[in-house]
Amino acid sequence: MKLSAMQGSKILATGSFVPDSTLSNNQISKIVETSDEWIVARTGIKERRLLIGNKQSVVDLATAASLNALNKISMNPLEVDLIILATSSPNDLFGSASQVQAKIKAFNAVAFDLTAACSGFVLGIVTASQFLKNGSYRTILVIGADVLSKWINWSDRNTCILFGDGAGATILQSCKPQDNQILGFQLNTDGRYWDHLSLSYKKNIDPHPLLNIYQGSFNYIAMNGKEVYKFAVSQVPLNILKCLQSLNITINEIDWLLLHQANERILLAVAEKLSISTNKILVNVNKYGNTSAASIPLALDEAVHDGKISSNDIIVISGFGAGLTWGTVIIQWKC
Ligand code: COA
């Protein structure tokens, strides 16, 4: 449905889903040389959920999170005009969003994947809000879902302690400008440092004998943890400040800081740099680890479910990760 230009965007519902299977730090310590004490001290992570077996994929997690959100507001999936699936672990490189569209029976929706690693959900929300604002679409489902367990080298203790699987979903709808909840955003990429965190193409040793084309598969996740840590604690606060300044919002007006759940130390360091009190940080990295594009919508859904967020609360949401790409979107919650 084509609406008049310059609409607002509001969040109608959130949903989430995580696999049942839990992997504790002690269990990881039987696979690689590490310990529960080390992982908790350096990351705050105690356990994570993993999608085990070969029957389910990221599509199933994304579907369950989406149905969870739709059911909360008894929305008919046919009302959804667009589905944006933020994921870096699709089960089809041509895109997995269309499979989610079919599974939730949102047959009126166009669907596409958005790849921006751990910033994917923030970029998804910003992308959706543009379509809503200019009147192209009325109702958009934004999903963040990842199963990075499939791409981890389970012998690499630098990375295998960090990640978990999950999905979160948010339903956005256009609204009158005075009801707008997406106040503003600030996005950045610095591709010079892409190799600090990558899941890159692995070409075969030999090319096709006649065509000189190198075919292949993908490597495991590779990460320079120290550099990623330094990047996050230096760039994320600057990005948030820039976004706040553009909206004339002060630090004191922030009710909640919802950062990508990468590492509790990063969350605390960013909050400290911004002089935001620790009781305003939304944290669940201890239970789920870093679920990449899923981490922010998962934590948002949990906070809404727990009744933490009240009407008119200002929530600063920041994602950061591979790319390197990072970004902030500031929302004002309306119940
Ligand atoms: N268990 C036990 N010891 C470990 C270990 C593990 N899993 N990983 C590394 N170590 C050891 C190292 O070998 C090193 O030992 P040494 O001092 O004898 O050489 C020591 O612990 C410190 O290693 P270091 O790599 O300096 O640890 P760190 O404090 O930087 O923590 C990370 C490592 C990965 C937890 C941290 O760098 C980090 O969180 N980075 C950001 C990662 C991230 O968030 N990525 C996703 C962004 S979207």
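We did not get these values from a lab; they are worked out from the coordinates using the rules stated. No experiment lies behind these values; they were computed from the predicted model shown. Positions of Cβ are generated from backbone atoms using ideal geometry, with glycine treated the same way; all protein chains shown enter the neighbour counts.
Laid out as a table, the results:
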{"read-out": "DSSP H segments from the chain that extend 24 Å or more along their own axis, Cα-based, with Kyte-Doolittle mean of -1.0 or above", "value": "225-247"}
{"read-out": "Ser21 paired with Trp38, simple spin-label distance in nm, labels 7 Å along Cα-to-beta-carbon", "value": "2.4"}
{"read-out": "Highest-MSF residue in the chain out of Gln245, Gln261, Gln101 [GNM, Cα springs under 10 Å]", "value": "Gln245"}
{"read-out": "Inter-probe distance in nm under a simple model that places probes 7 Å from Cα toward Cβ, at Asn219 and Cys335", "value": "4.9"}
{"read-out": "Among 231-244, 214-227, 119-132, 71-84, the order from most to least packed when residues are scored by Cβ within 10 Å on average", "value": "119-132, 231-244, 71-84, 214-227"}
{"read-out": "Among Ile309, Ile28, Ile205, residue whose mean-square fluctuation peaks in a GNM of the chain (springs only between Cα atoms under 10 Å)", "value": "Ile205"}
{"read-out": "Total charge dipole magnitude, the chain, about the Cα centre, Cβ charges on Lys, Arg, Asp, Glu only, Debye to nearest 20", "value": "320"}
{"read-out": "Highest-first arrangement of 180-187, 272-279, 164-171, 313-320, where packing means the average Cβ count within 10 Å", "value": "164-171, 313-320, 180-187, 272-279"}
{"read-out": "Unit charges at the beta carbon, dipole of segment 8-179: most positive-side option, Ala109, Asn91, Ser155", "value": "Ala109"}
{"read-out": "Sequence ranges 86-92, 37-43, 289-295, ranked by mean other-Cβ count within 10 angstrom, highest first", "value": "289-295, 86-92, 37-43"}
{"read-out": "Area projected by the alpha carbon convex hull of the chain, averaged over all directions, nm²", "value": "18.0"}
{"read-out": "Beta bridge orientation in the chain: antiparallel %, DSSP, nearest 5", "value": "70"}
